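The values are calculated or read from the model by the stated rules, or taken from the named source; none is laboratory data. No experiment lies behind these values; they were computed from the predicted model shown. So basically every Cβ, Gly included, is an ideal-geometry build from the backbone, and we count neighbours across all protein chains shown.
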Amino acid sequence: MKYLFLLLLVVFCFSCGNEDYTPKPKAELRLEYPRAKYVDANLELPFAFEKNLLATKVVSKELKSPTKSFGINLEYPALKGTIFLTYKAIEKDEKNFKAFLRDAQKFTLEHTKKADEIPAYPFEDSKRKVYGMLSEVKGNVASPAQFYVTDSLNHFLTGSLYFHAKPNYDSILPAANYLQKDIKRIMETITWK
């Protein structure tokens, strides 16, 4: 037994040699997405916008509602994500507009329980009469980005980004950043009809 222990000790000492040990850096996954190419969505809706060609499936349907409403899903199968859009016509009633605005902001605030941070970015294009807000929800949340745009008179559009995966902020961050650029593009190109 003594000889076996002594033999193992000698082998261990000589196996290390004179090389210095340097720890390997942590590996980072590099995800590359194709450069975005935008085209008109060409949907028969009360508004128009540009969408990324990567959104291969676009579903539009009229919603049952007292006001004219539509649901639009921009599905990104390669990223396992969907941008859900909901359009509502504003009636000639200030209460209607305020309710839509309150609901959009309330939806974002519901994420404060799990979010680490929710930076909000106001958006204004007075030439096209488009005003809104983009909220980036950081942390392990179901929807990492939400937005709304309106002309404050006739049109109100909300949108949310969801992934078909368990919310893990670090894992979905590259895809979320990519799709947030598409959300910004929707906001920047939307025109009311």
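Here are the numbers for this structure:
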read-out: Residue among L173, L161 that alone is hydrophobic (A, V, I, L, M, F, W, C) and at pLDDT 90 or above; value: L161
read-out: Test: residue in the stretch 146-158 that is part of a helix (DSSP H, G or I), touching a residue at least 12 places away in the same chain (Cβ under 8 Å) and not aliphatic (A, V, I, L, M); value: no
read-out: Any hit, the stretch 155-167, residues being surrounded by fewer than 21 Cβ atoms within 10 Å (Cβ to Cβ) and polar (S, T, N, Q); value: no
read-out: Among (1) surrounded by 20 or more Cβ atoms within 10 Å (Cβ to Cβ); (2) more than 13 Å from M187 (Cβ to Cβ); (3) in contact with an Asp or Glu (Cβ under 7 Å, 6 or more places away or on another chain), the one test that G139 misses; value: (1)
read-out: Residue match in the stretch 100-121 (condition: closer than 20 Å to K193 by Cα, surrounded by fewer than 17 Cβ atoms within 10 Å (Cβ to Cβ) and at pLDDT 90 or above); value: no
read-out: Verdict on K95 being over 16 Å from the mean Cα position of the chain (by Cα) and of a type in the set (K, R); value: yes
read-out: Test for E188: is it under 25 Å from Y38 (Cβ atoms), out of contact with any helix residue (DSSP H, G or I) (no Cβ under 9 Å at 6 or more places or on another chain) and either outside any helix (DSSP H, G or I) or not polar (S, T, N, Q) (or both); value: yes
read-out: Number of positions in the stretch 28-73 that are within 21 Å of N177 (Cα to Cα) and out of contact with any strand residue (DSSP E or B) (no Cβ under 8 Å at 6 or more places or on another chain); value: 8
